[in-house]
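Note sheet for the following structure.
Bear in mind that the values in this text are calculations on the coordinates, not laboratory data. Everything quoted here is computed from the prediction, not taken from an experiment. Cβ placement follows ideal geometry from the backbone for every residue including glycine, while neighbour counts extend to all protein chains displayed.
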Amino acid sequence: MTDDRDNGLDGARLPAFGTDDVELIERRPLYQGFFRLEEVHLRHRLFDGGWSRAMAREVHVRHDAVGVLLYDVERDCVVLVEQIRAGALNDSRSPWKLEIVAGLAEAGESAAEVARREAMEEAGCEVADLIELHTYYPSPGACTERVTLFCALIDSAGLGGVHGLDEEHEDIRVHVLPFIQAWELLHAGRLDNAMCLIAFYWLAAERASLRARG
């Protein structure tokens, strides 16, 4: 167990509780399709002592996801993909979104394997070395999905066109953009998803050092 004092937390235990402080009463399936919806009944310890009353929560059970920002150090370019997104059909601007390459993990796949597979499927790009950035929950209040983000240093020469798997109804257009142009799109609100925002803010901080060593 890590001593929190080593992390500069002055001995405070953060978070205060762990998995042993939750009692799972019942887990009931509500829907099973590509994704799964469950109703979970539970109670948990309270910060002021004692236990909460039993409560019900709906949980969206999803596969873990992987995103990879493709960055060409020599050309100072990034590779983005554009495709229609069902969750953005009500977007007044457009349901077609500019994103980094991403996909869901299949059983037995490592996050790095997913990153390499998706880079080839979505952008026709071979990836060797990967830099792991973060692993995070996009919406832990209601969703089990964890996302792992990478940056891959690639050669963008010849990349472009339309990619994707027919059996997954994918129609994906590849864009190779100078970093500065992509950064302007981000600040204009056009790169409006969490993977893009997190990956690009990381790249903005690390870009100079990546280019120096590249």
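Kindly list the residues of the range 113-146 that lie in the label zone of residue 202, defined by a backbone N under 13 Å from the point 7 Å along the Cα-to-C-beta vector.
115, 130-137
Considering the alpha-carbon set of the range 56-133 alone, what are its Rg and its Dmax in angstrom?
14.8, 53
Note down the magnitude of the dipole of the range 143-214 about its Cα centre, charges +1 on Lys and Arg C-beta and -1 on Asp and Glu C-beta and zero elsewhere, to the nearest 20 debye. The partial results should precede the final answer.
Numbers: 6 positive and 10 negative charges, 117 e Å.
Rounded to the nearest 20 debye, it is 560 debye.
Return the distance in nm (one decimal) between the two label points of a simple spin-label model at residue 92 and residue 187, each offset 7 Å from Cα along Cα→Cβ.
Modelled inter-label distance: 2.4 nm.
Of 79, 61, 40, which is farthest towards the positive pole of the range 39-91's charge dipole, taken about the Cα centre with +1 and -1 on the beta-carbons of Lys, Arg and Asp, Glu respectively?
40
Among 165, 125, 183, whose Cα lies farthest out toward the positive end of the dipole of the range 116-214, if unit charges sit on the beta carbon of Lys, Arg (+1) and Asp, Glu (-1)?
Of the listed residues, the answer is 183.
Can you tell which of 103, 90, 114 lies farthest toward the positive end of the dipole of the range 67-154, using +1 and -1 charges on the Cβ of basic and acidic side chains (Lys, Arg; Asp, Glu)?
Checked the options; the winner is 90.
Only Cα pairs under 8 Å and at least 6 apart count here; give the relative contact order of the range 16-109 as a rounded whole percent. Could the numbers behind the result be given before it?
Values: 142 pairs, mean separation 18.5, N = 94.
Relative contact order comes out at 20 percent.
How many percent of the alpha carbon pairs in the range 102-174 exceed a separation of 20 Å?
Numbers: 1009 of 2628 pairs.
The calculated P(r) of the range 102-174 puts 38 percent of pairs beyond 20 Å.
For the chain, what is the calculated [θ] at 222 nm in deg cm²/dmol (nearest 500), taking -39500 (n - 2.57) for each run of four or more DSSP H residues and dividing by its residue count? Could the numbers behind the result be given before it?
Working: 3 runs with 42 residues, N = 214.
Calculated mean residue ellipticity at 222 nm is -6500 deg cm²/dmol.
Using only alpha-carbon positions, what ratio does the radius of gyration of the range 24-74 give when scaled by 2.2 N^0.38 Å?
Values: Rg = 18.4 Å, N = 51, 2.2 N^0.38 = 9.8 Å.
In units of the 2.2 N^0.38 Å rule of thumb, it is 1.87.
Sort 60-66, 39-45, 162-168 for me by packing, meaning the mean count of neighbouring Cβ atoms within 10 Å per residue, highest on top. Mind dumping the intermediate values first?
Values: 60-66: 18.0, 39-45: 14.4, 162-168: 11.6.
The packing order, highest mean first, is 60-66, 39-45, 162-168.
Quote the charge dipole size of the range 72-133 about the Cα centre in Debye, to the nearest 20; the model charges only the Cβ of Lys and Arg (+1) and of Asp and Glu (-1). Write out the running numbers ahead of the final one.
Numbers: 6 positive and 15 negative charges, 78 e Å.
The calculation lands at about 380 debye.
Express in nm, to one decimal, how much length is gained between residue 73 and residue 36 on full extension, taking 0.36 nm for each residue of separation and deducting their alpha carbon distance. Walk me through the numbers on the way to the answer.
Numbers: separation 37, 0.36 × 37 = 13.32 nm, distance 4.01 nm.
Computed gain between residue 73 and residue 36 is 9.3 nm.
Give me the Kirkwood hydrodynamic radius of the range 70-205, using the inverse of the mean 1/r over all pairs of distinct Cα atoms, in Å to one decimal.
Mean inverse Cα-Cα distance, inverted, gives 15.5 Å.
Normalising by the residue count of the range 1-160, find the relative contact order in percent from Cα pairs under 8 Å and 6+ residues apart. It would help to have the intermediate numbers written out before the result.
Values: 291 pairs, mean separation 31.8, N = 160.
After rounding, I find 20 percent.
If the only charges are +1 at each Lys and Arg Cβ and -1 at each Asp and Glu Cβ, what is the size of the charge dipole of the chain around the Cα centre, to the nearest 20 debye? Kindly include the intermediate steps, with their values, before the conclusion.
Numbers: 22 positive and 38 negative charges, 133 e Å.
Approximately 640 debye in magnitude.
With the alpha-carbon atoms as the only input, what is the per residue convex hull volume for the range 1-130 in Å³?
Working: hull volume 32.0 nm³, N = 130.
Taking the convex hull of the Cα positions in the range 1-130, it is 246 Å³ per residue.
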